[in-house]
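Visitor: Shown below is the structure under consideration.
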Amino acid sequence: MTSRSKSLFNTADPDMRKLLEKEAVLTDLGNASGLAYWDQDVNMPEGGEDARVKLISTLDTIQHDLQTRRYLDRLITRLEGKVDNGDFSEYDRALLRELRTDYDLASKLPRRFVTEQSKVNSKAQQTWKRAKMANDGKGDFSLFASDLAAVFDLKRREADYLGFQGHPYNALLDQYEQGLTVEQLDTIFPVLVDATKTILDRVEGAEVDRSFLSLKYPRGVQWSFARRLSRSLGFDFTRGRLDRAVHPFTIKFDPTDVRITNRADPNYLPAGVFGVIHETGHALYEQGVDRGLSGTRLATGTSMGIHESQSRFWENYVGRSNEFWEYWFPMLQRKFPSQLGSVNVDQFVKAINAVRPSPIRIEADEITYNIHVVIRYEIERDLLSGKIQTKDVPMIWNEKMRSYLGIDPQTDSQGALQDVHWSSGLVGYFPSYSLGNIYAAQFYNSLRNQHPDIDRSISKGEYGFIRQWLRENIHRHGSVYRPGDLSTNVTGEQLNPQYFVDYAMNKFGRLYGIDLKTSQLNPLHA
Ligand code: ZN
């Protein structure tokens, strides 16, 4: 175990001690709000909604006020003046760096603006729900268009308050992935689009039987299998919980208390199985953070993209591999003998990896998933710059679906209304999902180079050294390193989509029995 509970910070310095005290209060307030949020999704009776929204908003306002107090600024400034002398470690410096960034961010946004934005987003969320349900569930985007315009107007103002270089979207991207820019994404995403098109062209028409995944799978049996999977991947139930919720998520209060939620769909087995592997991946990251960082903002994953790389690492690179199911499939078969008794492991692995364009992002396969992200990214970028108008979003959406994936969404609820993100003001968030896929491929490549026998271990159900490698290289550092630096430390380079492309060509070429050419562009890539 690398976890320690001894503080990693310079507690001999009185200013640092004061700062850590303030930071502990801010952390506790954030956790109280998180706990209220977790409870809302897991336990709260329906009737409690209004009171809960108020409670969370009160806690968030107190936190925002404390976070923008002038004495905090003065304390940070004083410490910045002496942090380069020998008594301060990289942990002290990282904490000051993050505090400075967050302080400046919070104080750049006027209080009036924050309140207005939170009202507009709340209203947009209600409207979005109504618009999605309208028309007998087919949805009606026109009901949502003006609320969406209001959300994006405020996002543009937010970008102006925060300041940016180049495209205004850069100011928003930076909040989820520090340093990420439109210029970078406009280089990276076309690489993913090209590779996806190549794979789609080649696998089109190949018949894969997936029918057995949609038989009746009793929830109770699914749950006991999910718990067993999670435990065996390394989720520590003495420092975490697994509960039911409509939308799976992970939340952490401390490395010693990390909670995941999942759902079991009685008519579709993969939703629950891969849901729990995915959330366990997020949870292992949080449980693996060095406990010496506890009580500070460094005690959590460093960015949305890196977090998503951890969930996808386990879900796709480990959990959708042949070797993984060599070990688990016999047990799954015993749990569901009538559904899977006549299926063999190869058929199962083909079915859970089948590439087939579909209109819904969260149901997409590993390859077409990125296209769903690219479409949302392009629309957000162009709405923000004023190049397109919100009323035209469904038309643009459908055009892009047709040109990238060759499919026609039949309804707005299967199209531009499907995700909650825009209505809650999460603009700039979608790219993190694809960054997760790319980072995961890069990490996986480094791990493989150091442990060439990884497949054999996975086929025996042994994941200890994988977890150890991730913990040592990524998890324990929390937010000490920014995503770009972490990537360079672990893989020797910044974000590079070629690893994902090579992995995908390899994997899907093998699964479909076709020769997909992999690139030799990167000499580092063995
Ligand atoms: Zn995730």
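Visitor: Take the residues of segment 290-312 that are among the aliphatic types (A, V, I, L, M) and not in a loop (DSSP other than H, G, I, E, B): which is farthest from the ligand (Cβ to nearest atom)?
Guide: Across segment 290-312, the extreme among qualifying residues is Leu293.
Visitor: Quick one: Leu284 ticks every box in (1) more than 16 Å from the ligand (Cβ to nearest atom); (2) part of a helix (DSSP H, G or I) bar one, so which box is it?
Guide: (1)
Visitor: Here is a follow-up. Would you kindly identify the helices (runs of 4 or more DSSP H) lying entirely within segment 360-458 that contain at least 2 residues that are away from the ligand (no atom under 16 Å from the Cβ), open to solvent by 10 Å² or more (accessible area, probe 1.4 Å) and of a type in the set (A, V, I, L, M, F, W, C)?
Guide: Those helices (runs of 4 or more DSSP H) span 393-405.
Visitor: Does segment 268-281 hold any residues that are of a type in the set (Ser, Thr, Tyr) and either part of a loop (DSSP other than H, G, I, E, B) or more than 16 Å from the ligand (Cβ to nearest atom) (or both), and which are they?
Guide: The answer is Tyr268, and nothing else.
Visitor: Considering only segment 29-65, how many residues are without any contact (Cβ under 8 Å) to a residue 60 or more places away in the chain and surrounded by 14 or more Cβ atoms within 10 Å (Cβ to Cβ)?
Guide: Residues flagged as without any contact (Cβ under 8 Å) to a residue 60 or more places away in the chain and surrounded by 14 or more Cβ atoms within 10 Å (Cβ to Cβ) within segment 29-65 amount to 16.
Visitor: Kindly establish whether Leu213 is within 21 Å of the chain's Cα centre (by Cα), open to solvent by less than 40 Å² (accessible area, probe 1.4 Å) and away from the ligand (no atom under 16 Å from the Cβ).
Guide: no
Visitor: Here's something else I'd like to know. State all residues of segment 139-153 that are in a helix (DSSP H, G or I) and open to solvent by less than 10 Å² (accessible area, probe 1.4 Å); if no residue qualifies, say none.
Guide: Phe141, Leu148, Val151, Phe152
Visitor: Kindly list the number of the only condition in (1) among the hydrophobic types (A, V, I, L, M, F, W, C); (2) assigned to a helix (DSSP H, G or I); (3) at pLDDT 95 or above that fails for Ala106.
Guide: Going through (1) among the hydrophobic types (A, V, I, L, M, F, W, C); (2) assigned to a helix (DSSP H, G or I); (3) at pLDDT 95 or above one by one, Ala106 breaks only (3).
Visitor: Moving on. Using the structure shown, decide if Ser459 is out of contact with any strand residue (DSSP E or B) (no Cβ under 8 Å at 6 or more places or on another chain) and either closer than 28 Å to Val355 by Cβ or of a type in the set (Val, Ile, Thr) (or both).
Guide: yes
The rows are residues; the columns are (1) within 30 Å of Arg244 (Cβ to Cβ); (2) at pLDDT below 90; (3) among the aliphatic types (A, V, I, L, M).
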position: Trp38; (1), (2), (3): yes, no, no
position: Ile56; (1), (2), (3): yes, yes, yes
position: Asn85; (1), (2), (3): no, yes, no
position: Leu95; (1), (2), (3): no, no, yes
position: Thr101; (1), (2), (3): no, no, no
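Visitor: Also: Can you tell me how many residues within segment 244-263 are open to solvent by 10 Å² or more (accessible area, probe 1.4 Å) and either more than 16 Å from the ligand (Cβ to nearest atom) or acidic (Asp, Glu) (or both)?
Guide: 5
Visitor: How about segment 313-356: which of its residues are open to solvent by 20 Å² or more (accessible area, probe 1.4 Å), in a helix (DSSP H, G or I) and within 16 Å of the ligand (Cβ to nearest atom)?
Guide: The answer is Glu315, and nothing else.
The values are calculated or read from the model by the stated rules, or taken from the named source; none is laboratory data. A quick note: this is a predicted structure, and the numbers were derived from the prediction, not measured. We place every Cβ from the backbone using ideal geometry, glycine too, and count neighbours over all the protein chains shown. Ligands, DNA and RNA are excluded from the accessible area calculation, which covers all protein heavy atoms including side chains. Shrake-Rupley method; radii C 1.70, N 1.55, O 1.52, S 1.80 Å.
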